[in-house]
Every structure is written in structure tokens, then in C-alpha cells.
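Structure record follows, encoded as C-alpha cells.
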Amino acid sequence: MIIKELSIIFPIYNEEARLKKSLIKLKKLFKTFKLIKIEIILVNDGSTDRTHELINTFIKSVNNANKKKIIYIHYERNRGKGYALKKGIQKARKKWNLTCDIDFSANPSEIKRWVKLNYIRNDMNCYFGSRTLKSSNVKYSNHRYYIGNVFKHFVSIMFDLNLDTQCGFKLYHKNYAKKIFSKLKENGYSHDVEIAILLKKNLIKIIELPIKWVHRDQSRLNIFFDGLIMIIKLIFIKLRY
């Protein structure tokens with residue numbers, strides 16, 4: 001299946017330290033996807049640093065044709081990654097919606113490889129990038145690897161979901177994306193698990209695909225504190241469903 005239209009959604013929170021490098025990569029996406037009608041949706045999730053200023057400067061720097069392909073959403077209060085993605089999906093106008101992280105731990109160009117290898121076969125499926133597949137090319141520290149595996153095992157036991165839910169690289173089709181995200185209650189990092197549950201409840205098949213993924217420094221996620229919060233949130237999600 002050929003992807004002709006793509007909305008690329010980036011949730012952003014206090015990314016001043018690494019945003020300049022990311023915005024340079026972002027600008028290259030217009031050339032990378034020159035044969036695909038794309039739009040880039042930047043969702044500033046209540047950043048308190050210079051993120052808003054840097055994004056505004058970036059938007060002014062692109063030419064008029066590409067400027068029309070950028071949607072910038074900005075609100076004052078930090079609500080969480082899940083909320084930011086929901087806002088981005090609501091604004092998306094293209095047939096396919098890709099969510100990914102602004103640190104480019106996985107480059108949106110992976111979509112072109114998925115298409116080339118004929119991985120995208122049905123527009124009623126959802127496609128999750130997975131760092132746990134043997135065919136994936138993943139670079140991150142041992143402690144992140146083990147903590148990620150513990151979380152995945154925990155999710156598998158609680159929800160019968162044997163997936164790498166926490167990889168931010170996910171491809172949805174507009175046929176179901178807005179409906180699924182409109183039902184999302186979890187605003188924080190655990191939103192990925194709830195999304196997987198909602199997809200499953202709506203009989204939308206999740207296909208895990210190999211990905212090239214590199215851990216970037218200065219992550220906003222505190223493994224131990226946020227990890228504990230995520231476990232608590234999972235308990236609430238379990239009670240909800």
C-alpha cells in the first residue's frame with residue numbers, strides 16, 4: 001500500500017536544550033517526503049522554557065509553501081503527552097497520522113522504509129514501531145533496556161498486551177484515529193497503554209513493525225519517578241476497563 005498523505009505529530013514539552021538540532025532535522029522532512037502530501041503538527045504542551053520562541057522562529061524561517069504545511073498548537077498549561085497527541089490527532093487533516101518524538105529517536109523517514117518493504121497492507125490496521133523485535137536496530141543503555149522489558153512484562157500481565165507500547169512511533173489511519181483518541185482519558189505517559197486497549201476493544205488490529213531507534217540524551221522522562229507514576233496510572237486504567 002502506498003501512503004500518499006501523512007500528518008506527522010510531535011508532542012513537545014520544555015525541549016529548549018535540544019530543539020535547535022531537532023528543528024534542523026524537521027526542515028529536512030519537507031524534502032524527504034516531497035512525493036507525499038505531508039503536514040507537520042507541533043503541539044507545545046505548556047512549555048515554560050524558550051520552546052515557544054524557538055518554534056515561532058523556526059516557522060518564520062521556512063518558505064511560504066512549507067509554512068502552509070505546519071500546524072502549531074500551543075496552550076499554557078502542561079497537560080501531558082497523551083493530551084498533546086490527542087490535540088494533534090484532532091487537528092490532523094491527512095489520511096495517515098504518524099506520532100513520533102521530537103528528539104528524532106526514530107526518524108519519520110522510517111515510514112518510507114515500511115512502505116518500500118510492503119509492511120503497510122491495510123488502512124484498518126494500526127502500526128506500532130517496536131524496539132523489541134529482533135529485526136529492529138536499537139541503541140540504548142542496558143538499564144533502559146531492562147526497565148523497558150519490566151514495564152512491557154507488567155503490561156502483558158495486566159492487560160494481555162504483548163506489545164512495545166512505549167515506543168512513541170505509531171501510525172494510525174484517519175478511518176479510526178479521531179474516534180480512538182476522543183475516548184482517551186489518560187493524559188500522561190501511560191496513554192500508550194490505553195490507546196492499545198481502545199484499539200483492541202474496537203477490533204483494530206495492531207501490527208508491530210521493526211524500527212531504527214536511538215536513545216537521545218536529555219529525555220524528559222525520569223525513569224524511576226515517572227516509572228512509578230506510570231505503574232500507578234496502569235492500575236487506574238485497569239480499574240477503568
| task | Considering only the stretch 107-139, state which residues are of a type in the set (D, E, K, R), surrounded by 22 or more Cβ atoms within 10 Å (Cβ to Cβ) and in a helix (DSSP H, G or I). | result | none
| note | Taking the stretch 56-90 and keeping residues touching a His at 6+ places or on another chain (Cβ under 7 Å) and either assigned to a strand (DSSP E or B) or farther than 24 Å from residue 180 by Cβ (or both) leaves 74
| message | Take residue 188 and tell me if it is of a type outside the set (A, V, I, L, M, F, W, C), in contact with a Ser or Thr (Cβ under 8 Å, 6 or more places away or on another chain) and in contact (Cβ under 8 Å) with a residue 40 or more places away in the chain. | response | no
| note | Given the conditions (1) buried (at least 16 other Cβ atoms within 10 Å of the Cβ); (2) without any contact (Cβ under 8 Å) to a residue 24 or more places away in the chain; (3) among the hydroxyl-bearing types (Ser, Thr, Tyr), every one holds for residue 57 apart from (1)
| message | Take the residues in the stretch 166-192 that are of a type in the set (A, V, I, L, M, F, W, C) and modelled with pLDDT of 95 or more; name whichever of them is nearest to residue 104 (Cα to Cα). | response | 169
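Every residue, every condition in (1) over 19 Å from the mean Cα position of the chain (by Cα); (2) without any contact (Cβ under 8 Å) to a residue 60 or more places away in the chain, yes or no:
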| position | (1), (2) |
| --- | --- |
| 122 | yes, no |
| 140 | no, no |
| 150 | yes, yes |
| 159 | yes, no |
| 173 | no, no |
| 176 | no, yes |
| 181 | no, no |
| query | Which one of 77, 121 is at pLDDT below 95 and either at negative phi or of a type outside the set (A, V, I, L, M, F, W, C) (or both)? | reply | 121
| Members of the stretch 23-55 found to be part of a loop (DSSP other than H, G, I, E, B) and under 22 Å from residue 94 (Cα atoms), listed by number | 33, 34, 35, 36
| request: Determine if the stretch 108-118 includes at least one residue that is farther than 22 Å from residue 236 by Cα, among the small types (Gly, Ala, Ser), touching a Gly at 6+ places or on another chain (Cβ under 9 Å) and at pLDDT 95 or above. | output: no
| remark: In the stretch 91-106, anything outside any loop (DSSP other than H, G, I, E, B), of a type in the set (Phe, Trp, Tyr) and out of contact with any Leu (no Cβ under 8 Å at 6 or more places or on another chain) is listed as none
| note | Counting only residues that are assigned to a loop (DSSP other than H, G, I, E, B) and buried (at least 22 other Cβ atoms within 10 Å of the Cβ), the stretch 169-214 contains a total of 4
| said: What's the total number of residues in the stretch 20-36 that are among the aliphatic types (A, V, I, L, M) and more than 13 Å from residue 112 (Cα to Cα)? | reply: 3
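The values are calculated or read from the model by the stated rules, or taken from the named source; none is laboratory data. Given the structure is predicted, the values throughout are model-derived calculations rather than measurements. We place every Cβ from the backbone using ideal geometry, glycine too, and count neighbours over all the protein chains shown.
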